[in-house]
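Colleague: Sending over a structure as structure tokens; questions will come in a sec.
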Amino acid sequence: MTALLKNWLEVATRELAEESTARVQAEIEEHYGSALASGASDREAVAALGDAARANWEYRKVLLTKADARWLESVRRRGDFPLFGAYILATAGLVGGAAKILQGSLYGAFPALSMVLIGTLFIVPRWVKIDTRPRNRIYRALQWAVIIGVPVALASVGRLKPVFFVYLVFVIAAYKDYLLRRKLPVEEWPKDLYL
């Protein structure tokens, strides 16, 4: 491998996971080799690969980055912890909401009752089997409707502050899971990505 190609690959594979980097290197070396075989010089063969920074941008959209690989590892390790956390969240929200309603504050109960809704989103997949594409799409639509709709409803009654960071965590986690589902073949999805 020439220094010119090595520099191009360094830029093109920056921040990609190890397996993604290996895949890109093999593919690029093949293109580079075929360009040399057709009579191109080293500089022309590398120039034919295009802009390395632009290639890196495109690769990061479709291949796992180092951050994606860390998130994937955490998804594989998390096991039933989200389920346990969801039960605690739903129970705490139910108790807190009931307490506020008994005190006569229906608006005060909104944040707590919204926690029940969020917790239930993570419990339902354990009760109902989500094993087909249509069921998965319905569940995802409901998940995003709750994650986006409930904060909007809470903000409209001025009660978003108490639960804002909880929602932020759920939105970030749901978005990162979405990115993994886009980048990985279905056969490589850990169990929690189906939910």
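What follows draws every value from the coordinates through simple rules; no lab data is involved. Because the structure is predicted, anything quoted here is derived from the model rather than measured. We place every Cβ from the backbone using ideal geometry, glycine too, and count neighbours over all the protein chains shown.
Colleague: Helix-only estimate, please: 222 nm mean residue ellipticity of the chain, summing -39500 (n - 2.57) across DSSP H runs of length 4 or more and dividing by its residues, to the nearest 500.
Modeller: On the way: 10 runs with 152 residues, N = 195.
Dividing the helical sum by the residues of the chain leaves -25500 deg cm²/dmol.
Colleague: Which order do the peptides 88-97, 112-121 come out in when sorted by mean C-beta neighbours inside 10 angstrom, highest first?
Modeller: The densest-packed peptide leads the list: 112-121, 88-97.
Colleague: Which residues' amide hydrogens lie under 5 Å from the amide hydrogen of residue 65, considering only partners 5 or more residues apart or on another chain, with H built in the peptide plane?
Modeller: 17
Colleague: Note the angle between two axes, namely the Cα long axis of helix 106-127 and the longest principal axis of the Cα atoms of the chain, as a number of degrees from 0 to 90, rounded to the nearest 10.
Modeller: Between helix and principal axis, roughly 50 degrees.
Colleague: Here is the link list: 66/129; 6/176; 129/176; 100/129. Which ones come out longer than 26 Å on Cα distance?
Modeller: Those over the limit are 66/129; 6/176; 100/129.
Colleague: How far is helix 66-77 tilted off the main Cα axis of the chain, in degrees rounded to 10, range 0 to 90?
Modeller: 50 degrees
Colleague: On to the next question. Could you estimate the translational diffusion coefficient of the chain from the Stokes-Einstein equation, with Rh from the Kirkwood formula over C-alpha pairs, at 25 °C and 0.890 mPa s, in whole µm²/s?
Modeller: After rounding, the answer is 123 µm²/s.
Colleague: Taking the 0 to 90 degree range and rounding to the nearest ten, how far is the long axis of helix 81-102 tilted relative to the main principal axis of the chain, both from C-alpha atoms?
Modeller: 30 degrees
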